[in-house]
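Below is one structure, written out as structure tokens; comments come after it.
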């Protein structure tokens, strides 16, 4: 048990990406964390994690397409450094699920990891990046790739309230799963993974079969309002103004339009969400 007072627990920057696809109905890729992990043990999550010191915008800006640091920062309502979160989300997706949101530098064609040779090579890269024996940027450069940050759409910000032993200021992104890549959990920090329709996740949560953090659950509720990946991606690309989350009497996260929002509390969960139908 941590002896650090809750108000003294540092808040780390983090990024996560909701990978979606039509299979044939809208589904989202989820992974279950190892019960032994300190943060969110046993819970189902999206690929993501803490921002790393190597996720610097100045290192990646020249190999990231459709997102300069200036543009990324504007979308995230920051003065600068916004591209860091896109890079972190892409790196974490690669480390945790093996998915690399990237294009070939010369042709701008999507990265494919299909052949046994490709799968073995990128699996080795992934192991080395996870073991900190190779930097993520070196993988991108060696394979002559550019990060497909333009495919990622910023949809939410959640800040862990005081109490947990680890706190994060996390930016959430939405992206379509690459056609020629197959996700798989790392079998260490993540022990299970699967594709789910949002409604099925909500049903499994209600029955106690799946455990989710409250921000994850709220994002699934928002995603359940869409009928297809195209519709969700389009809505995310509109960059609608973020709406402030509140908590109702049942301790559920609510957003504008939900019953009881005007009477909801703002000092329990700290979240801002832009993923919704509109335009």
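Do we have any residue at all in the range 9-18 that's within 25 Å of residue 118 (Cβ to Cβ), modelled with pLDDT under 95, in a strand (DSSP E or B) and touching a helix residue (DSSP H, G or I) at 6+ places or on another chain (Cβ under 9 Å)? Scanning the range 9-18, I find no residue that is within 25 Å of residue 118 (Cβ to Cβ), modelled with pLDDT under 95, in a strand (DSSP E or B) and touching a helix residue (DSSP H, G or I) at 6+ places or on another chain (Cβ under 9 Å), so the answer is no.
Given the range 76-189, what helices (runs of 4 or more DSSP H) lie entirely inside it while holding 2 or more residues that are out of contact with any helix residue (DSSP H, G or I) (no Cβ under 9 Å at 6 or more places or on another chain) and either surrounded by fewer than 22 Cβ atoms within 10 Å (Cβ to Cβ) or at pLDDT 95 or above (or both)?
Working: elements: 83-97, 116-130, 136-142.
Ranges flagged: 83-97, 116-130.
For the range 247-262, what are the residues that are surrounded by 13 or more Cβ atoms within 10 Å (Cβ to Cβ) and assigned to a loop (DSSP other than H, G, I, E, B)? Listed by number, the residues that qualify are 248, 252, 255, 256, 258, 260. Only one of the listed residues (265, 243) is surrounded by 14 or more Cβ atoms within 10 Å (Cβ to Cβ), without any contact (Cβ under 8 Å) to a residue 40 or more places away in the chain and touching a strand residue (DSSP E or B) at 6+ places or on another chain (Cβ under 7 Å). That residue is 243. Right, residue 230: part of a helix (DSSP H, G or I), without any contact (Cβ under 8 Å) to a residue 12 or more places away in the chain and more than 16 Å from residue 32 (Cα to Cα) or not? Considered against the rule, which asks whether it is part of a helix (DSSP H, G or I), without any contact (Cβ under 8 Å) to a residue 12 or more places away in the chain and more than 16 Å from residue 32 (Cα to Cα), residue 230 comes out as no.
As a summary of the residue check, residue 212 satisfies the conditions (1) in contact (Cβ under 8 Å) with a residue 12 or more places away in the chain; (2) part of a loop (DSSP other than H, G, I, E, B); (3) surrounded by fewer than 15 Cβ atoms within 10 Å (Cβ to Cβ) except for the one numbered (3).
The values are calculated or read from the model by the stated rules, or taken from the named source; none is laboratory data. Quick caveat, the model's predicted, so the values are computed rather than measured. Methodologically, a virtual Cβ is constructed for each residue, glycine included, from the backbone with ideal geometry; neighbour enumeration extends over all protein chains shown.
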